[in-house]
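Below: the structure, in structure tokens.
A short reminder: the numbers here are calculations on the coordinates, not readings from a lab. The structure presented is a predicted model; accordingly, all values stated were derived computationally and were not measured. So basically every Cβ, Gly included, is an ideal-geometry build from the backbone, and we count neighbours across all protein chains shown.
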Amino acid sequence: MTDYDVIVIGAGNGGLTSAAYLAKRGVKVLVLERHNIPGGSATSFCRGRFEFEVSLHQICGIGTEAAPGPLRNLFERIGVLDKLEFLQMDDLYNFLYLPEKRSITLPPDIGEVTSQLQGLFPAEKEGIRAYMDLLSKVAYDVISVQYLGDPEASREKYPDYFKYTLKSSQEVLDCFIKDPILKSVLSAYWGYLGLPPDRLSFSDLALLFRAYCDFKPQHFKGGSQALSNAIADTILENGGSIRYNCAAKKIIMKNGAVQGVITETGDEITSRFVVSNSSKISTYHELMDPEDVPEFIKAELRQTTIAMSSFILYLGFNAEPEEIGFKETTNFMVGTTDNELAYKQMKTLDINKNDFSAISCYNLIDPGFSPPGTCQAMALTTKYADPWLKVPPAQYTDTKYQCADSLLSVMENFFPDMRKYIEEIEIATPITFMRFLGTPGGTFYGFDGNIKDSELFLPNNSGIPGLYNAGCWAGMPGFQPTLESGVRTARSIIKELNA
Ligand SMILES: Cc1cc2nc3c(=O)[nH]c(=O)nc-3n(C[C@H](O)[C@H](O)[C@H](O)COP(=O)(O)OP(=O)(O)OC[C@H]3O[C@@H](n4cnc5c(N)ncnc54)[C@H](O)[C@@H]3O)c2cc1C
């Protein structure tokens with residue numbers, strides 16, 4: 001007799017949905033979370049009169065009541081659908097090209113994106129149509145082959161999937177599109193996947209782009225913390241337990257199989273199943289002894305690299321969005337169409353116009369996102385942790401402020417008056433995310449999504465009896481994939497429990 005049927009390490013998206021699905025089906029589950037609130041990245045924090053969204057710019061997969069997406073169904077199955085209010089965005093994103101001070105806003109509909117871009121780039125009319133057709137075909141093929149596991153998948157049945165899925169997004173864009181700015185417009189969602197288009201598989205970009213068009217970019221009333229709180233409540237309502245401020249220190253193993261967990265306070269809790277929502281690095285290097293980790297996992301860890309983190313400004317303004325110049329919720333700012341330059345920028349401390357950056361203002365979809373007369377925004381630029389790890393502690397604060405100043409200067413190209421309205425500002429570096437998420441390099445995307453490491457190749461089963469992974473280390477990053485990965489993991493465990 002064990003203390004729990006399943007212990008879940010970490011209350012991020014993947015851990016929470018896994019635990020909620022299990023608890024709802026009568027499985028005795030315990031969640032251990034090292035932080036004092038649920039959510040991992042999906043949280044908020046308060047400064048002054050603002051409650052800042054930590055992570056979510058846009059979530060896809062929810063859809064509408066009339067045309068529901070897979071997440072609506074998932075929320076229903078874990079019992080949180082009635083607890084959430086969805087906020088739908090009017091636009092896919094606003095693409096801001098710095099050298100020409102040009103702005104292109106895409107609507108959240110594949111047909112409308114196509115006709116709008118054909119109007120703006122008439123010389124590329126045929127290429128845009130062909131690219132969009134291919135993108136849709138590949139996205140749907142990925143769902144049939146990878147997610148639904150079509151047993152009859154073959155080169156003959158899915159020719160586009162077999163031809164294009166392992167090509168880079170840039171290679172495919174180059175086949176159909178000539179204008180570098182148009183290529184940049186079409187691939188701006190790479191920021192949500194962590195690698196520029198020449199390193200990113202086309203199937204990952206196609207799936208993401210099509211999913212946002214089909215299910216519309218959305219947010220939650222109350223931010224992503226409202227989602228995390230709702231899932232945590234469901235776990236408790238269904239008899240599950242959650243211990244906050246309680247990190248797992250060791251996974252107990254016997255004869256190569258999971259036996260339970262030791263917490264940082266020394267409690268030994270027994271269970272035949274452990275779901276780790278912690279990073280794979282921490283799971284296999286810190287929570288386990290080397291002799292318990294199979295060779296193929298060690299090889300996987302040696303072959304992969306840690307994904308990017310970000311440098312972020314959480315901004316509370318004492319002005320309405322219109323006064324600052326925000327017209328769209330999600331704005332991607334691009335200063336170069338040179339992928340290699342953009343990638344190099346991700347590996348430096350320096351912030352300039354060549355960085356890929358984004359700024360999201362949530363009050364445009366919900367005026368109540370901050371107190372009346374104010375608005376909040378998150379300004380972000382994609383950065384790896386390595387240069388931050390080399391900053392001497394005595395210089396960390398100064399460096400942080402210099403970088404904040406540089407990012408504000410980049411933003412001022414499109415929002416020239418924003419500085420004068422700032423009432424609250426909080427700065428997060430990759431080091432901040434290392435501290436709060438406990439991930440290597442402060443990443444919230446897991447491993448770099450290089451083509452060879454794309455969704456296609458990542459198993460959520462660890463190969464160790466009783467041990468499962470959930471979250472961004474077990475598949476694609478982002479809200480929809482990590483929420484779904486938790487449920488996938490829970491279903492595999494239920495199968496084993498019933499076997
Ligand atoms: C700034 C930012 C912007 C983003 N924007 C978007 C966006 O617009 N759209 C989108 O879809 N995605 C976005 N993401 C990505 C998305 O938030 C993440 O990919 C996703 O939330 C990761 O979920 P996860 O399940 O992997 O767990 P995580 O969020 O990494 O949570 C893991 C949890 O495990 C806990 N933990 C770790 N080790 C232990 C241990 N030993 N014991 C106990 N607990 C432990 C951690 O404290 C944490 O709570 C963004 C992320 C960030 C940070």
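The figures follow:
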{"read-out": "Built amide H within the under 5 Å cut-off of Gly39, gap 5+", "value": "Ala11, Gly12"}
{"read-out": "Mean-position separation - Cα centroids, region 467-492 and region 293-319, in angstrom", "value": "16"}
{"read-out": "Leading residue at positive end of dipole, the chain (Cβ point charges), from Phe121, Pro440, Leu407", "value": "Pro440"}
{"read-out": "Fully extended contour minus Cα-Cα distance, from Glu100 to Asp366, at 0.36 nm per residue", "value": "92.7 nm"}
{"read-out": "Spin-label pair Arg47/Glu295, simplified geometry with 7 Å Cα→Cβ offset, distance in nm", "value": "5.0"}
{"read-out": "For the chain, radius of gyration divided by Kirkwood radius, i.e. Rg to Rh on alpha-carbons", "value": "0.95"}
{"read-out": "Listed residue pairs exceeding 20 Å between alpha carbons, taken from Lys101/Lys383; Lys101/Lys353; Lys101/Lys327; Lys250/Lys298; Lys137/Lys157", "value": "Lys101/Lys383"}
{"read-out": "In order through region 241-258: 3J(HN,Hα) via Karplus (6.51 cos²θ - 1.76 cosθ + 1.60), integer Hz, x for Gly, Pro", "value": "10, 10, 10, 8, 6, 9, 7, 7, 10, 8, 8, 7, 10, 9, 6, x, 10, 5"}
{"read-out": "For the chain, calculated [θ]222 nm from helices alone, where every DSSP H run of n ≥ 4 adds -39500 (n - 2.57)", "value": "-10500 deg cm²/dmol"}
{"read-out": "Inter-probe distance in nm under a simple model that places probes 7 Å from Cα toward Cβ, at Glu85 and Thr348", "value": "4.5"}
{"read-out": "More than 25 angstrom apart: percent of Cα pairs within region 279-424", "value": "45"}
{"read-out": "Centre separation in Å (Cα based) which lies between region 403-436 and region 93-128", "value": "28"}
{"read-out": "Nearest-20 debye value, region 57-175 charge dipole, Cβ charges on Lys, Arg, Asp, Glu", "value": "220"}
{"read-out": "DSSP beta bridge pairing in the chain, given as percent antiparallel to the nearest 5", "value": "75"}
{"read-out": "Region 140-190 versus region 342-392: alpha-carbon centroid distance in Å", "value": "29"}
{"read-out": "In region 152-247, GluC sites (Glu not before Pro) in a DSSP loop with at most 12 other beta-carbon atoms within 10 Å", "value": "Glu152, Glu156"}
{"read-out": "Of the GluC sites (Glu not before Pro) in region 74-127, those whose Cβ has at most 14 other Cβ within 10 Å and which sit in DSSP loop", "value": "Glu85, Glu100"}
{"read-out": "Set Lys28/Lys280; Lys400/Lys420; Lys24/Lys280 screened for pairs whose C-alpha atoms are more than 22 Å apart", "value": "Lys28/Lys280; Lys24/Lys280"}
